[in-house]
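Structure, as structure tokens:
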Amino acid sequence: MSAKLADVLNIARQKGFHIPEPKMDIVINGRYLQDITADAMKGLDASNDPPYVFVRGNQLVRLLNDNGLKFDILDESALRGLLARSSGFVRYEGQDDDDKPMYVKVPPPINVVKDILSLGSWPNIPPIEGIIETPSIRPDGSILDLPGYDPVTKLYYEPGNGLDELSIPDAPTEADAEKAAEHILDEVFGDFPFKDEASRANALAAPLSIVMRPAIGGNIPLGLFDKPQAGTGASLLVDAIATITTGQPASMMSAPDSEDEWRKRITSCLMEGKPMIVIDNVVGRLGSAKLAQVLTAHIWSDRILGKSEMISLPARACWFATGNNLLMGGDIARRSYWSRLDAEMARPWLREEFKHPNLLNWIEENRAILLSDLLIMVRAWYLAEQPSTSIKPLGNFEDWARKISGVLDYAGIKGFLANRNELYDSSDPENAQWDDFLQAWYQLHQNNPISAATLKAELLDCNPVFKILQDAMPEDITRAISKEKKDSPALGIALKKHVDQVYPSGVKLVATEDSHKKVNLWKVEFAGDGVSKKPQSVGEFAGDAGNESNPEQFSGNEGKYESNNGLETSPALPAKWPIDSDYGRTSTPANMHKGAVEEIGLQKFKLRMTKRLCCLCGRKFPYDLTPYFNNSKSGYICTTCHMHGPPPRPEKANTQSKLETSI
């Protein structure tokens, strides 16, 4: 290259023009490997402007256009080709007759390629988190709308068709935001039969979440779109959101059957860098631990399919799920927001008279206007200095909840996340089952601890006293006491999974230990933050089953008594039982006069004496017996009568046989 041409090119570079550096020749023999690698990286860095090679996770990737841009991990063959195009590689062959060095052109050595891939860190190669096809919001509220790589958000923007008509005011106002929100709700969401205001607001939060994803720190919860029956429009609603924000209908997948398949599917989706992932038509319970993990993960690490290599990927996608009456398990419910559709008709797919009969085609034709509406809503909120709302924070998704609620509230949209308590109550029947079961447990035992063996005996006992506990058994307790589980440790394991979890009514299961018998004991307590009051009575056969040392003892009539936690309500015994009891109460109310206190003490003494007399065999015992009642008799029975039944009655004398003998 002549000196004059070099000067011209340098001036052009100083003025901002991209002039690629000439390819450098790299000598590959007689040198250390690290020196050759350093020269090869210099050539690759120089040719990577504008960037087309990036670092994603712990891998070198490039962009490929295969029906849209996608990431392609650089293997040895791909990297070798890029090195050959960015630098010249030569081998020194000595000197010619004129003492000039001789070089032979060669392809990039494979050992250099492997060394570059093994570096693990490439400082001059820009990092990338995803590919977007829609203008998005940066963390400072500005709009990312220039094609190519954006170093602030680490995103590559590839504009879709028809986005050259975006119309966004320089300083949108609150009125502009309200008008934009109403336009989207009327034109796009107007024909969808949302159950309530919260479902409508949460539906609008979905496209806002995708557009604002670069500006939201942390994670975004799972968007749930469910309905009572097929044909109501949940899948179409998700397609509409995808068409607005990505330019094409959603790429949907079915829910995998195993955790291993979930892991593989999640890794595959994140490797593609899609901004939106949809799990369509979920059947059964959505309770994958891997899905719950990716919803709150910043980095997702997994093994590359078919290889022994690990890859770490940014978990920045927005996840959605559709289905009929979705059921959640594990932590999915609290990591979700919910939009429910209900057409209130037998065949919702036969509805007519839609505003836009072919909604997706209409969205494609008006996509620039709809995107402008979303961006106007967000920009107006940022320019107003991000006014806050009174919404309660959502654990692990605080920044998302604050920003989305702020944008919606500023645009006049109310009800965002207002249905989350209903979601928690309705989406996980196991949670409700355990809440009812522990309330029934508390009604029988108050906060007195019992063992798993005692609980199992009560759950299998035909005594009507325990019917309220048996009727409330959760599914895992039913399995634990089934014939296949013949020993109580299985029940203890089922109980341990729910220790210290506070349920909606405020009950929680607490594990203790009997220091003498060295066995685990279980009791139910109230955490004090439940949404309902403690149970007071469960009907005719309610009672306090006492403590572990004598679980068959029952309290008396319903009344007030003083406990460690203040004034409590004692459950009632069957009306047929002869004497009222205050058994198990720690003290007597202070406002009782002396005569009443003495009367209560006398009743306690009489009851103790009555409870030591077996009503079937008539024997007396120095300890309390088991409550017993039937249609003809009630009282207390001893262990022998309880296990083997009452003693046989003596046979009546046969007067006829005596007469025959005498004759």
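A few notes on this one:
- Taking other residues whose beta carbon is less than 13 angstrom from the beta carbon of Pro51, and scoring Lys, Arg as +1 and Asp, Glu as -1, yields 0.
- Note that the stretch 340-393 presents 60 Å² accessible area per residue, ligands and nucleic acids not counted, probe 1.4 Å.
- When a 1.4 Å probe is rolled over the protein heavy atoms, the share of accessible surface on the stretch 272-398 that falls to carbon and sulfur comes to 48 percent.
- Taken over the stretch 300-440, lysine pairs spaced eight or more positions apart, or on distinct chains, with alpha carbons under 24 Å apart number 4.
- The phi-based Karplus calculation (6.51 cos²θ - 1.76 cosθ + 1.60; θ = phi - 60°) puts the 3J(HN,Hα) values of the stretch 636-641 at 9, 10, 7, 5, 4, 5 Hz, whole numbers, x for Gly and Pro.
- The share of C-alpha pairs in the stretch 82-234 whose separation exceeds 26 Å stands at 56 percent.
- Debye-formula intensities of the stretch 382-460, expressed as log10 I(q)/I(0) at q = 0.13, 0.27 Å⁻¹, are -0.62, -1.24 (one equal scatterer per alpha-carbon, no solvent).
- Equivalent ellipsoid dimensions for the stretch 262-318 as semi-axes, Å, which come from the Cα gyration tensor, largest first: 20, 13, 11
- Its alpha carbons considered, the stretch 111-187 gives a radius of gyration followed by a Dmax of 18.8, 63 Å.
- Along the stretch 206-222 the Karplus relation, 6.51 cos²θ - 1.76 cosθ + 1.60 evaluated at θ = phi - 60°, assigns HN-Hα couplings of 5, x, 5, 4, 6, 5, 8, 3, x, 8, 9, x, x, 10, 10, x, 6 Hz to successive residues, with x for each Gly and Pro.
- Semi-axis lengths (Å, descending) of the ellipsoid that matches the C-alpha gyration tensor of the stretch 90-151: 47, 15, 10
- Nonpolar atom fraction for the stretch 53-93, defined as the carbon and sulfur part of the 1.4 Å probe accessible area, stands at 37 percent.
- Dimensionless Rg/Rh of the stretch 272-362 - Kirkwood Rh, Rg from C-alpha atoms: 1.08
- The stretch 354-373 and the stretch 177-224 have Cα centres separated by 15 Å.
- Placed amide H near Asn58: partners under 5 Å, 5+ positions off or other chain: Ser312
- Ranking by accessible area, most exposed first, for Glu352, Glu513 with a 1.4 Å probe: Glu352, Glu513
- Tail fraction, Cα-Cα pairs, the stretch 432-513, threshold 17 Å, whole percent: 42
- Accessible area of the stretch 32-103 divided out per residue, in Å², using a probe of 1.4 angstrom: 54
- Close amide H pairs (under 5 Å, H built 1.01 Å from N) link Leu222 with Ser336, Tyr337, residues at least 5 positions away or on another chain.
- Put simply, the amide H of Leu286, placed in the peptide plane, has neighbours under 5 Å in Leu327, Met328, Gly329, leaving out anything fewer than 5 places away on its chain.
- For the stretch 102-180, share of DSSP beta bridges that run antiparallel, in % to the nearest 5: 60
- Computed over the stretch 185-301, the P(r) tail beyond 19 angstrom holds 50 percent of alpha carbon pairs.
- Using the 1.4 Å probe convention, the accessible area of the stretch 191-237 works out to 21 Å² per residue with neighbouring protein chains retained.
- Derived scalar couplings ³J(HN,Hα) [the stretch 91-101; Karplus, 6.51 cos²θ - 1.76 cosθ + 1.60; whole Hz; x for Gly, Pro]: 10, 6, 10, x, 10, 8, 5, 8, 6, 9, x
The values are calculated or read from the model by the stated rules, or taken from the named source; none is laboratory data. Since the structure is predicted, the reported quantities are computational estimates derived from the model, not experimental observations. Please note: Cβ atoms are built from the backbone with ideal geometry, for glycine as well, and neighbour counts cover all protein chains shown. Only protein heavy atoms, including side chains, enter the accessible area calculation; ligands, DNA and RNA are left aside. Shrake-Rupley method; radii C 1.70, N 1.55, O 1.52, S 1.80 Å.
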